[in-house]
Amino acid sequence: MTEHLQCAGTLPRLSNATVNQLCTAVAVPAYDRSTLKTGIVHMSAGGFHRAHQAVYLDDLFARGSVADWGVCGVGLLDADHLVRDALVPQNCLYTVVERSEQADQARVVGSMIEYLYAPENPQKVLDRLAAPEIRMITLTITEGGYFVDQVTGEFDGQHPNVRHDLCHPATPITGIGYLTEGLNLRRQRGVPACTVLSCDNLPGNGHVARKMVLAFAAAREPELADWISRNVAFPNSMVDRITPVTTDADRVRVAEGYGYEDRWPVVCEPFRQWIVEDKFCAGRPPWEQVGVQMTSNVQPYEKMKIRLLNSSHSAMAYLGYLAGFRCIHEVAADPDFQRFIIALMEKEVVHLLDPVPGVDVIQYQQILIKRFTNPKIKDQVARVASDGSQKLPKFMLPTIREQLAQGGSVRLHSLALAGWFRYLTGTDEQGVPITLNDPMATELQKRAQAGGKNPAPLLALGSLFGTDLPDNQNFITELRRALEGLYAYGSRATLRNYLQS
């Protein structure tokens, strides 16, 4: 945070004391925050939560219909002390800047009224999770936070962090550990169960959360797992809003553009969507009043989003990074890459989707391209490329498997996957080093470098690819051909060849 420090001390800091003195270009909470009561604990209150779920709640509070669903944000990671140090002095107020090609729209969001830093005081977080007034626990703990075996779909009970939490339930370090012990305390103290709502990019995220929590709980105490199974609701949900990581430039932009200091603003696109399965055990906010779509079946929406948006995002990230792009909008606006992404969706995805109520899939694809090419977001390719081992088995491999089962082409998806394999070697096509941000980075880079044009070493990772894909000759042929093209001609030339043939 170097640039924003130049402003420190010269501008008013965002807080309860200053929020109503801001310039009229910034919308401020249209309600009395002192009347809000905490009803939700959000685990891992990062930028996405603050640009998405917290904004919907802010809209709801502005209507004046409810005041008992305020948010207590929780930081789980060691690095979250930076978020705490930024937000707590600001009374948990922060700025959301929606950036479109036409203009920026800034608003101060007030729906988060507490923030707890878990590594500093685990018991305080656990007591908050177990408090009677908390009726919902929401999650954005990322794909890896659920400890799912990517092939079997079962809980990875051997992970070192999981083993720690099983042995030390009062001082957990994982989101699953905190959540399970919080529910256990509710049971022990006679507090009614609450809803657990996953807001992560996982197919069937509610089903996944339930399955992993029950597996973890059963490893601790079968009776605890039984209590959770009988009492706790785990709705599915689909969330969508492109939200880049906050930078020092964003802080400076708020200071210079609006005349106050915000240590942790959030920048995002104007688009947002939230589809929620209406299955709660302790009440819920009337989200439908502010544009949330409540439904009995989230699956068609999430399948469309994950296979069109998330998979395309990953394809752009790996192939684009190799070609020298560093921002997603630059990749998406490039004619060759845009044609490739459109072809990927139209030829290998759309026909696999289920009917989506109220959605024109063709129009949805057009909206995606417009969102991807928004030059004001400046979403970093490296951010989208991170954690590929956690994302691609959910975003891309299901389409490949389904296409193979139906005898369809996997040519374009194989090229996208080959882009990841080539990216994992740790250098782009200009020889510039790539910093791999992935929990399996060391193993993946070692295998990618050893294999080169041969995909076998990476495909041998059964935890990612299972046994079916490495044994499918059609897939292997396409993947090898794509890798050979990337090594021989580079990303752009290979992509052009694929589009022309």
Original post:
Among (i) 1.36; (ii) 1.13; (iii) 0.98, which one is Cα Rg over 2.2 N^0.38 Å computed from these coordinates?
Top reply: (iii)
Subject >> 331, 28, ranked by accessible area, largest first (probe 1.4 Å) >> reply: 28, 331
Original post:
Between residue 295 and residues 5 or more places away or on another chain, which pairs have amide H atoms under 5 Å apart, with H built 1.01 Å from N, and which residues are they?
Top reply: 276, 277, 278
Original post:
Looking at the range 280-385, which trypsin sites (Lys or Arg not before Pro) are DSSP coil and have at most 13 other C-beta atoms within 10 Å of their C-beta?
Top reply: 326
Subject >> Exposure ranking of 18, 24 by accessible area [1.4 Å probe, largest first] >> reply: 24, 18
Original post:
How many percent of the accessible area of the range 137-207 is carbon or sulfur, using a 1.4 Å probe?
Top reply: 53 percent
**OP:** Give me the compactness ratio for the range 219-332, meaning the Cα radius of gyration over 2.2 N^0.38 Å.
**Re:** 1.50
Original post:
Label residue 338 and residue 468 with points 7 Å out from Cα along Cα→Cβ: what is the distance between them in nm?
Top reply: 3.6 nm
Original post:
Taking residue 124 as the anchor, which aspartates and glutamates have their alpha carbon closer than 14 Å to its alpha carbon, excluding any fewer than eight residues away along the same chain?
Top reply: 114, 181
Subject >> Spatial separation of Cα centroids for the range 342-418 and the range 422-454, in angstrom >> reply: 22 Å
Subject >> Per residue value of the accessible surface for the chain (all protein chains in place, 1.4 Å probe), Å² >> reply: 39 Å²
**OP:** Give a residue-ordered list of calculated ³J(HN,Hα) values for the range 458-470 (Karplus: 6.51 cos²θ - 1.76 cosθ + 1.60, θ = phi - 60°; whole Hz; x for Gly, Pro).
**Re:** 6, 5, 6, 6, x, 5, 9, 10, x, 10, 6, 5, x
Subject >> Karplus 3J(HN,Hα) series, Hz, for the range 267-282 with 6.51 cos²θ - 1.76 cosθ + 1.60 (x for Gly, Pro) >> reply: 10, 7, 7, x, 5, 8, 8, 8, 10, 10, 6, 7, 9, 10, 10, 9
**OP:** Could you state how much accessible area residue 367 has, in square angstrom rounded to the nearest 10, with a 1.4 Å probe and all protein chains kept in place?
**Re:** 70 Å²
Subject >> Proximal charge balance of residue 230 [Cβ under 15 Å; K/R count +1, D/E count -1] >> reply: +1
Original post:
Hey, what did the chain get for relative contact order, percent, Cα under 8 Å, at least 6 apart?
Top reply: 14 percent
Subject >> Length added when fully stretched, residue 289-residue 79, from 0.36 nm per residue minus Cα-Cα >> reply: 72.0 nm
**OP:** Count the net charge of all other residues whose Cβ sits under 13 Å from the Cβ of residue 304, scoring Lys and Arg as +1 and Asp and Glu as -1.
**Re:** -1
Original post:
Carbon and sulfur together cover what percent of the accessible area of the range 370-501 at a 1.4 Å probe radius?
Top reply: 48 percent
**OP:** Report, by chain and number, residues whose modeled amide H sits under 5 Å from the one on residue 267, excluding near sequence neighbours (fewer than 5 apart, same chain).
**Re:** 97
Original post:
How much mean residue ellipticity at 222 nm does the chain get from its helices, if each DSSP H run of length 4 or more adds -39500 (n - 2.57) and you divide by all residues, to the nearest 500 deg cm²/dmol?
Top reply: -13000 deg cm²/dmol
Subject >> Solvent accessible area, Å² - residue 435, 1.4 Å probe, full protein context >> reply: 120 Å²
Original post:
Helix hunt in the chain: which complete DSSP H runs extend at least 20 Å axially by C-alpha with mean Kyte-Doolittle at least -0.5?
Top reply: 205-220, 473-489
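The values are calculated or read from the model by the stated rules, or taken from the named source; none is laboratory data. Since the model is a prediction, treat every value here as computed from it, not as a measurement. Neighbour counts run over all protein chains shown; Cβ positions are idealised from the backbone, glycine included. Keep in mind that these areas ignore ligands, DNA and RNA; they rest on the heavy atoms of the full protein, side chains included. Shrake-Rupley method; radii C 1.70, N 1.55, O 1.52, S 1.80 Å.
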